[in-house]
Amino acid sequence: MSGRSSARLREKELRAAEIKPKATTHGAPHSRTSRKKQKTAAETSAPHAKPQVSWARVKGRRGHLKMVVEMPLDIILEILQYLYPVDLLNMSRSNRAMRALLLDRSLTFRVWESAFSSFSPPPPPCPDDLNFPQYANLLFGDTCFECDAKKRLTTSMKCYVRYCESCIETEFISLTHVDQETVKLLRRVTLSDHVKRYDQQSKRRWQTTLFLRRDYEIKLQEVELVLSDKSKRAEYEKRAQERLTKRASFGYHARQWEWALSNAKRRNAADIQSTRQDMIVGKLRGLGYGDVLDRLRYSYRAIATLPGITGKKPLTDKEWDRIRPLLVDTLIELRKTYENDQRKLLLDKRTLTVSGVFDYYISHNRHTERTAPLNQQLARLEPFRTLVYDTPAEKELTATEVMEHLDDIPGALKAWKEDADSLLLALLPSVSPRGRKKGKAASSGKGKEPDLSVLERATSLFSCQWCTEVLVYPAVLSHPCLFHKHARSAAKQSQPAGEEDDIPVDGPGAPWNEGGDQVQFDEEASATATVIIAALGHDPNVVTWEELDKANQRIECLRCRSKKGAAPRLVMGWRSAILHEFAKHSGDEDNGSRAWEVVDADSLAKAYKKEDVSRSWKQVNQVKKLGPYCVECAKITFAGGNFRAPYNTSRYGKRLEGDLKECSKGHDLSVSGTFMELNWTFKGLNPVRID
C-alpha cells in the first residue's frame with residue numbers, strides 16, 4: 001500500500017535542495033583585485049552551516065505549528081472540524097499559512113459552518129453581510145477593532161463593531177453638526193446604538209445613543225443625492241429601514257445569546273467547582289479527616305474556604321498532589337481548634353457546676369463572703385480543680401459528686417486567702433514580703449505572723465491596672481477586673497514560637513491577679529487619704545475604713561469654696577474626697593491639711609439632706625444594695641441533684657427596712673449571723689454643695 005504524501009512538503013524539499021550554503025557571513029561585495037583575502041572563522045565554518053530555509057526567518061508561533069501546516073490538507077480539514085469558532089479564530093491568527101487556509105471559503109466553509117453549529121448555546125445565524133471569520137471575530141474576539149486594545153471594550157452587535165473607550169469617542173458621533181433636514185433623514189437610515197461613554201476629567205460614565213461614523217460618512221453622501229428627489233428618497237429610506245430592522249433583530253438575538261452564554265459559563269464553572277469539591281472531600285475522607293469535614297459543614301460555606309478547593313479547573317492527580325499537603329496541614333490545625341473548643345465547652349460546663357456548689361456554700365456561710373473570691377475561682381482550687389480538669393471527658397461531672405467535697409471548701413478558701421493576703425502585705429511599704437516590719441525589727445531574724453489588720457486600715461488602698469477604682473481590703477479580693485483574661489498569660493508569653501499549641505486549654509476567667517502584677521499599692525491615694533483622715537480628726541495609722549464609714553463624717557474642700565452662688569461650699573465623704581483630689585487638684589502645691597476642713601453638725605445635717613435629694617439612680621441602688629439583708633431568706637437548697645434558690649429574692653435575701661426583730665418570713669434577726677451588710681462594696685457618694 002503506497003504511503004500518502006503532501007504536495008506542499010515535496011515542493012518545500014525541492015526548494016531547500018536548491019539553496020546553496022553561503023560563502024561568508026556578511027553581504028560585502030567581492031574585491032576586483034586578485035589579492036588574496038584573509039580567511040575568517042566564519043569562512044572556515046561556513047561549509048558546515050545548515051542551509052537556511054524560509055521557515056528559519058519566521059518568528060513567533062509559526063515555528064510551533066510548522067508540522068501542522070505540513071500535514072496533508074484532508075487531515076488538517078478533518079481536525080479543524082472538531083474545533084469551536086473561537087479556536088478557529090485563534091488558529092487563523094497564528095501564522096500566514098493558517099490564515100490563508102481558514103480564510104479560503106472554498107476549502108473551509110464547511111469547517112466554519114460545523115464549528116458554529118456544534119457550539120452550545122448556538123449563536124444566531126451568520127448575517128448575510130458577514131463571512132464566518134468576521135462573524136467569529138465579532139462574537140468571540142477580545143480586542144478593539146481599531147487599536148487592538150483589550151481593556152474596557154464595548155461591543156455593538158447591531159453595528160458589527162467592538163471598540164475601547166478612547167476609540168468610541170472617535171468612531172461614534174452625534175448628529176448635531178449638520179442641517180436639520182439632513183439630520184432627520186440620517187437618523188432614520190444611519191446605524192446607531194446605545195453605547196457607554198467615559199469622561200477622563202470627571203471620571204463619570206453614562207450611556208447615550210450615538211451613530212457609527214463609518215456608516216454616517218457613507219449615508220451622508222447617499223442622502224445628499226436623494227434628498228431633493230422625493231421618490232428616490234422614499235425608496236432609499238425604505239431600503240435603509242429594512243436594513244436597520246435586520247440589524248436591530250440580529251442585535252437583539254445576539255444579546256440574548258450573550259446572556260445565555262454567560263449563564264452557561266457560570267453553570268459550567270459551578271459544576272466544575274462542585275465536582276472538584278466533591279472529589280477533594282472524598283479524598284480527604286479517605287485520609288481520615290471526615291470528622292473535621294462534618295464539623296465544617298455546619299458553617300455556611302466553610303468548606304469552600306479550604307485552600308485549593310474552589311479552583312476553576314477540574315481536579316487532576318498532579319493538582320491533588322500539589323494541594324494535598326496544605327489541605328492536610330489545614331485540617332490538622334482545624335482538628336486541634338475543634339478539640340480545644342470542645343475542651344473549653346466541657347470546662348465551662350464543669351466550672352458552672354462547681355460554681356453552683358460554691359453559691360450553695362456561701363448562702364449557708366455568709367460570713368465568709370467578705371474574703372471569698374468569685375464563684376468561678378473555686379474550680380481552680382484543689383480538690384475541685386482535679387474534678388474539673390482531670391475527670392475523663394466522656395464522664396459527666398454532676399453536682400452530687402461535687403457536693404461530696406463540700407467540707408473541703410473552707411480549707412480551699414483559707415489557703416487561697418492566705419496567698420492573696422501575703423501578696424497584698426508584700427505590696428505595703430511598711431511590711432516585708434514575709435510579713436515582718438522593715439527596719440530594726442527585721443534584724444532580729446525572728447519573723448512574726450503577719451498582722452492582717454494592717455490591710456483593713458483606711459490608708460491601705462490598692463489600685464487595679466485595668467480601671468480607676470480605688471480598692472480597700474477585702475473588696476480587692478473580689479474585684480472583677482482581677483479575674484478576667486485581659487492579655488496573654490505569662491506562660492504563653494514565655495512559650496517559644498511554634499509551641500503555643502502545647503499549652504493546655506484553660507477554663508473560664510483567670511486566676512486572681514494572674515501574673516502577680518495586676519494590683520498595686522496606690523501610694524498617691526494612700527498619701528491623700530492620710531491628709532484627709534487627719535483633717536477628720538483620726539489617726540491614719542490606726543483607723544480602719546469601716547470606722548470611717550460608721551462615723552459618716554463630711555469634709556469640705558477649701559480650694560473649691562466659691563464666692564458666688566447660694567451654695568458656695570463643696571462637701572463630701574472621705575472616699576469621694578480622695579477621688580476629688582485626683583480629679584481636681586492633682587497638680588496643686590497646697591494639698592496638705594490646710595486644703596481640707598471637717599464640717600460641723602449643722603453643715604453635716606445639710607449635707608445629708610442634700611445627698612438624699614441629689615442622688616442618682618445608680619447611687620440609690622448602691623446604697624440600697626448595702627443592706628442589711630436577712631441571710632435565712634437567701635439560703636439555697638439542694639435536692640435530687642439540683643439546686644433551688646428562693647423565689648423572688650436577691651442572692652442576699654430580703655432587704656430589711658428599719659429596726660426589725662424578724663423579717664417578713666419570720667426569721668429571728670436577733671440571732672448572730674442572721675443578717676448581713678455589704679459595706680465593703682461601698683464606693684462613696686458624689687460631692688454636694690451647701691451654704
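The values are calculated or read from the model by the stated rules, or taken from the named source; none is laboratory data. Since this is a predicted model, take the numbers as computed values, not measurements. No Cβ is skipped: glycine too gets one built from the backbone with ideal geometry, and neighbour counts run over all protein chains shown.
Check segment 528-546 and report whether any residue there is among the charged types (D, E, K, R), at pLDDT 90 or above, outside any helix (DSSP H, G or I) and over 15 Å from HIS479 (Cβ atoms). Yes - at least one qualifying residue is present in segment 528-546.
Would you mind stating whether PRO124 is touching a His at 6+ places or on another chain (Cβ under 8 Å) and surrounded by 16 or more Cβ atoms within 10 Å (Cβ to Cβ)? Here the answer is yes, as PRO124 does meet what is asked. Does LEU315 satisfy being assigned to a helix (DSSP H, G or I), modelled with pLDDT of 90 or more and either within 34 Å of the chain's Cα centre (by Cα) or not hydroxyl-bearing (Ser, Thr, Tyr) (or both)? No, not satisfied. On inspection, THR310 fails the criterion of being over 18 Å from LYS635 (Cα atoms), assigned to a helix (DSSP H, G or I) and among the β-branched types (Val, Ile, Thr).
A single entry from GLU339, GLU396 fulfils the requirement of being outside any helix (DSSP H, G or I) and either within 30 Å of VAL292 (Cβ to Cβ) or not β-branched (Val, Ile, Thr) (or both): GLU396.
Taking the conditions exactly as written (out of contact with any Leu (no Cβ under 7 Å at 6 or more places or on another chain), closer than 13 Å to ILE280 by Cα and charged (D, E, K, R)), does ASP321 satisfy them or not? Considered against the rule, which asks whether it is out of contact with any Leu (no Cβ under 7 Å at 6 or more places or on another chain), closer than 13 Å to ILE280 by Cα and charged (D, E, K, R), ASP321 comes out as yes. Here THR353 fulfils each of the conditions (1) in contact with a Ser or Thr (Cβ under 8 Å, 6 or more places away or on another chain); (2) surrounded by 14 or more Cβ atoms within 10 Å (Cβ to Cβ); (3) closer than 30 Å to THR154 by Cβ apart from (3). Listed by first and then second residue, the pairs linking a residue in segment 222-240 that is more than 16 Å from VAL183 (Cα to Cα) to a residue that is of a type in the set (Gly, Ala, Ser), with Cβ atoms under 7 Å apart and 6 or more places separating them unless they lie on different chains, form an empty list. Within segment 343-353, not a single residue is among the aliphatic types (A, V, I, L, M), in a helix (DSSP H, G or I), at pLDDT below 95 and in contact with a helix residue (DSSP H, G or I) (Cβ under 6 Å, 6 or more places away or on another chain). Here the condition is being at negative phi and at pLDDT 90 or above; of LYS230, LYS238, LYS196, LYS184, it holds for LYS238 alone. Only a single item in (1) in a helix (DSSP H, G or I); (2) closer than 21 Å to PHE250 by Cα is not met by THR108, and it is number (2).
Is it true that some residue in segment 506-516 is outside the structural domain of LEU477 (by TED's automatic domain parsing), charged (D, E, K, R) and either within 27 Å of VAL476 (Cα to Cα) or not in a loop (DSSP other than H, G, I, E, B) (or both)? For segment 506-516, residues outside the structural domain of LEU477 (by TED's automatic domain parsing), charged (D, E, K, R) and either within 27 Å of VAL476 (Cα to Cα) or not in a loop (DSSP other than H, G, I, E, B) (or both): absent.
Give me the residue from segment 415-435 that is in a loop (DSSP other than H, G, I, E, B) and out of contact with any Ser or Thr (no Cβ under 8 Å at 6 or more places or on another chain) and, out of that set, modelled with the lowest pLDDT. Of everything passing the filter in segment 415-435, ARG434 is modelled with the lowest pLDDT. Of everything in segment 436-453 that is farther than 18 Å from ASP549 by Cβ and at pLDDT 55 or above, the residue that is surrounded by the most Cβ atoms within 10 Å (Cβ to Cβ) is PRO450.
Within segment 380-420, the residues that satisfy the criterion of being closer than 26 Å to LEU452 by Cα and surrounded by 19 or more Cβ atoms within 10 Å (Cβ to Cβ) are ARG380, LEU381, ILE409, ALA412, LEU413, TRP416, ALA420.
Pull up segment 364-373, narrow it to residues that are touching a Leu at 6+ places or on another chain (Cβ under 9 Å), at pLDDT 85 or above and not in a helix (DSSP H, G or I), then point me to the one that is surrounded by the fewest Cβ atoms within 10 Å (Cβ to Cβ). So, considering only residues that are touching a Leu at 6+ places or on another chain (Cβ under 9 Å), at pLDDT 85 or above and not in a helix (DSSP H, G or I), the one surrounded by the fewest Cβ atoms within 10 Å (Cβ to Cβ) is THR371. Please work out if GLY507 is at pLDDT below 90 and on the phi > 0 side of the Ramachandran plot. Answer is no for this residue. For segment 146-200, the strands (runs of 3 or more DSSP E) that sit wholly inside it and include 1 or more residues that are among the charged types (D, E, K, R) and within 27 Å of ARG233 (Cβ to Cβ) are 192-199. Just checking, which of SER228, SER299, SER249 is over 37 Å from the mean Cα position of the chain (by Cα) and part of a loop (DSSP other than H, G, I, E, B)? The conditions single out SER228. Return yes or no: is ILE303 in contact with a Gly (Cβ under 7 Å, 6 or more places away or on another chain) and either closer than 30 Å to SER274 by Cβ or β-branched (Val, Ile, Thr) (or both)? No.
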